[in-house]
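The values are calculated or read from the model by the stated rules, or taken from the named source; none is laboratory data. Not measured: the values here are computed from a predicted model. Glycine also receives a Cβ, built like all others from the backbone with ideal geometry; neighbour counts cover every protein chain displayed. Note: accessible area is taken over every heavy atom of the protein model, side chains too, but ligands, DNA and RNA are not part of it. Shrake-Rupley method; radii C 1.70, N 1.55, O 1.52, S 1.80 Å.
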Amino acid sequence: MDKYKNILFENPRPFIIAQLENDRLIINETNISHEKNIDINLGDIKENREIKGLVKSTLEKNADNITINNIKNKFNLKSKKISKNEVIVWFDIEDNLYDLSKANFLSNLTHEFKTPLNLIFSSVQLLNKKIECNKEFSYDDMEKYLKIINQNSYRILKLVNNISDDNRIDLGHSNYSPTNANIIYFIEDICESIEPFVKSNNMNIVFDTDIEELIISFDMEKMERIILNLISNAVKFRKENKGKIIISITHNDEFVNISVKDNGIGISKNNIDKIFEKYVRLNDERSIIKEGTGIGLSLVKSLVKLHDGEVTVDSEIGKWTEFNIKIPNRTSIKESIDTYEKDLDRVEKIRIEFSDIYA
């Protein structure tokens, strides 16, 4: 929360109760429904040195309150001693830290809008200049300028869609509509549809599965968005030479696992922990594509969460990156769809998702 008590990050498990028992630090989560704060896993809490250090400092210094300022992660870690051997720890967002993240995002966003708009305007100006001078248009000229206008219009639309969807999820208006359908055929069809776009960027795409048919409950529109985003991300961070993207599906009785792996430039250890953070744009000089608002992978994480799933990433710098999506292997009470009707707008969706990647 900020100093005005506005909730900036939500989580139903905000507080950590830490105590010293026989000189051993015990850390537990406590559910407090009327308070909300930053999302953090219990496993992360147990291994967090800052939290352990804060608890020990609070107890050893016999202080009621101690705060650790954490500019890098945009929150302050605060503690309050509640008994001789017990401490409550919580996360507090400061206005200036939140505004810094917001300001960086707005700065990136301004650049992301200006670049395609400038290309559209310059193409229109060149066309107008030829018209004013009564110069003839060649077919190649027309095709060249219209392609620039078209692609950069898609690019702006992608930005608007990402911002709009991200905002709707934050406000709880996600319109999540799961349907029972064949997840295998659905993702395989996406791979086939996107193959020409991948090949135009000197890459190949391969689909693999451990089962030919699997009916589960998922939101088709949002799952399509997830897969297209991860594939375009793999193309964006490809190497100069020929690349490969492998989409694979495995399953067990509880979960369906969807993997998107590439042999691109990889992600450094410093960046891999930040990759799903909202508004964070990784600055990797080896990347072919430099643009980005920092919403894409954050949006993927949010869309996967709507499916009660989780997304993780593993990578080796300079060799490969693999995103893994795990969603429940279950069906809803709705009737299953026997055949999947191919989305006639998918080509448009692919063009939008690939609009910031120039073949």
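Calculate the spin-label point distance for Tyr176 paired with Ile317, positioning each point 7 Å from the Cα along the beta-carbon direction, and give it in nanometres.
In this crude spin-label approximation the distance works out to 3.6 nm.
Suppose R0 equals 56 Å; then what is the FRET efficiency for Leu146 and Lys84 from their Cβ-Cβ distance, rounded to the nearest 0.05?
On the way: r = 75 Å, r/R0 = 1.33.
Plugging the Cβ-Cβ distance into 1/(1 + (r/R0)^6) gives 0.15.
Where in the stretch 197-216 does the label zone of Asn252 land, with the point 7 angstrom along Cα→C-beta and an amide N cut-off under 18 Å?
What the label zone holds, given the 18 Å backbone N cut-off, is 210-211.
So what are the radius of gyration and Dmax for the Cα set of the stretch 160-264, in Å?
Over the stretch 160-264's Cα set, Rg and Dmax evaluate to 15.0, 43 Å.
Work out how much length Glu192 to Asp273 would gain on full extension: take 0.36 nm times their residue separation and subtract the Cα-Cα distance, in nm to one decimal.
Taking Glu192 through Asp273 to full extension adds about 26.0 nm, to one decimal.
Using the 2.2 N^0.38 Å rule of thumb for compact globular proteins, work out how the stretch 112-210 stacks up: its C-alpha Rg over that value, please. If you can, show how the numbers build up before the last one.
Numbers: Rg = 20.0 Å, N = 99, 2.2 N^0.38 = 12.6 Å.
Output field value: 1.59.
Could you pull out every residue, at least 5 positions away or on a different chain, whose amide H is within less than 5 Å of the one on Lys239? Hs are placed 1.01 Å off N in the peptide plane, and Pro or chain starts have none.
Answer set, sorted by chain and number: Ile265.
Within the stretch 196-239, list the residues whose amide N lies under 16 Å from a label point set 7 Å along Cα→Cβ of Ser164.
Correct set: 221-222, 225.
Rank Cys133, Cys191 by accessible area, highest first, at a 1.4 Å probe radius? Present the calculation step by step, with values, prior to reporting the outcome.
Details: Cys133 75, Cys191 10 Å².
Output order, biggest surface exposure first: Cys133, Cys191.
May I ask you to derive the relative contact order of the stretch 144-234, considering only C-alpha pairs under 8 Å and at least 6 residues apart, and to give it as an integer percent?
Details: 53 pairs, mean separation 30.0, N = 91.
Normalised by residue count, the contact order of the stretch 144-234 is 33 percent.
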